[in-house]
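Worksheet: one structure, shown below.
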Amino acid sequence: MYERLLSEYGPQQWWPAETAFEVVVGAYLTQNTSWRAVERSMANLAAHQSLSVEGIRSLGEEELRQLIRPSGYMVRKAAALKAFVAFLDRDHGGSLEALAAAPAADSRAKLLALPGVGPETADAILLYALGKPAMVVDEYLRRIVTRHRLLPEKAKYAEIQALGTEALRDSAPETLVRHCNEFHALVVMVGKTHCGPKPKCEGCPLAGYLPKDALVPSLPGTLP
DNA sequence: CGCCAGGCCGTGT
DNA sequence: ACACGGCATGGC
C-alpha cells in the first residue's frame, strides 16, 4: 500500500516547517485541527517573533492563547506549549539538539509525561523534529487499516503502529527515518481526500485493495 | 446550520 | 481497562 501511494503521489519530503521547533509547535497545534488553521496561528507567532523557544518562553500565557486562537483549544494548547519549553529548559538546556542526542525511547517517555502530549504528538516530534525513526499513527492510518480489514475496529495505537512498522521492515536503518516520514506524509495525502468519517473510495489509489489475510472480505457500511 | 479537523484528558463504569 | 464527553475555532 505504501508503494502504491508513493507511485501515485510521488515523494512528499514532508512536514512544512523551517526549524525543528516549528515542527514541535505544529505538532501540538494540529491536534484535531486542520492544518489551515495551524498555519494562521504559526503566522501570528512568526509576526510576533515568537516562533522559537525563546519566543514562547517570553510570551505571557494569555498572549500566547490569543496568538494561537485560530487553531482552537487555546487554553490547553498554550499551557502545553509552555510546559514543553519548561521541560526543554530544565532537562536539556533549552536545546532541541540536546534532546535529539538522547535515546529515542527515553525521549518518548518524557514527551508522553508532558501535558497535552499523547502517542501521536510524541511520535510526530520524534520523527519530524528529532530525526528518530518513529511510525506516526493518526486517525487516517487508523481508518485505512481498519477499513481494509488489516486490523479489527478496536485496534489500539500500539497495534497499528506495529503493523505500520512491519510494513517498513525491509528498509535499511539509514533510510528508515526517511521512509517513516514518507509513509506518514502519504497517509495524510490520501487521507485528506479519501479517508474522512465517511470513506470516499472513488479515485482512491487504495480502492479495492484487500490483504490476502483480511479478516473479512467485506462488511456493510465500510468499503475495503 | 451541521459536520468536520493530522488528539488528548478527566471522569464514570 | 474502556467508553464517553469536553475542549475552541474556522472552513465548507
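The values are calculated or read from the model by the stated rules, or taken from the named source; none is laboratory data. None of these values were measured; they are calculated from a predicted model. Glycine also receives a Cβ, built like all others from the backbone with ideal geometry; neighbour counts cover every protein chain displayed.
A single entry from A:Leu206, A:Leu130, A:Leu219, A:Leu163 fulfils the requirement of being within 29 Å of A:Ala79 (Cβ to Cβ) and either touching a Lys or Arg at 6+ places or on another chain (Cβ under 9 Å) or modelled with pLDDT of 95 or more (or both): A:Leu130. Screening segment A:69-96 for residues that are in contact (Cβ under 8 Å) with a residue 40 or more places away in the chain and in a helix (DSSP H, G or I) and picking the one that is surrounded by the most Cβ atoms within 10 Å (Cβ to Cβ) gives A:Ser71.
Could you check A:Glu3 against (1) in a loop (DSSP other than H, G, I, E, B); (2) over 16 Å from the mean Cα position of the chain (by Cα); (3) within 21 Å of A:Leu127 (Cα to Cα) and say which number it fails? Here A:Glu3 meets the rest and fails (1).
Listed here are the residues, each with its yes/no results for (1) in contact with a helix residue (DSSP H, G or I) (Cβ under 8 Å, 6 or more places away or on another chain); (2) more than 8 Å from DNA strand B (Cβ to nearest atom).
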{"position": "A:Leu112", "(1), (2)": "yes, no"}
{"position": "A:Val117", "(1), (2)": "yes, no"}
{"position": "A:Ala129", "(1), (2)": "yes, yes"}
{"position": "A:Ile144", "(1), (2)": "yes, yes"}
{"position": "A:Leu176", "(1), (2)": "no, yes"}
{"position": "A:Leu186", "(1), (2)": "yes, yes"}
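Being β-branched (Val, Ile, Thr), in contact with a Gly (Cβ under 7 Å, 6 or more places away or on another chain) and more than 10 Å from DNA strand C (Cβ to nearest atom) is the filter here; which residues of segment A:24-55 pass it? Passing the criteria: A:Val38, A:Val53.
Evaluation of A:Leu29 against the conditions (1) within 16 Å of DNA strand B (Cβ to nearest atom); (2) closer than 20 Å to A:Gly94 by Cβ shows that the sole unmet condition is (2). Applying a threshold of 7 Å to beta carbon distances and a minimum spacing of six or more residues, or different chains, the list of pairs starting in segment A:24-46 at a residue that is of a type in the set (Gly, Ala, Ser) and part of a helix (DSSP H, G or I) and ending at one that is at pLDDT below 95 and crowded, with 16+ Cβ neighbours inside 10 Å reads A:Gly26/A:Ala17. In this structure, does A:Arg169 turn out to be under 24 Å from A:Gly10 (Cα atoms) and surrounded by fewer than 12 Cβ atoms within 10 Å (Cβ to Cβ)? When the stated conditions are applied, A:Arg169 passes them.
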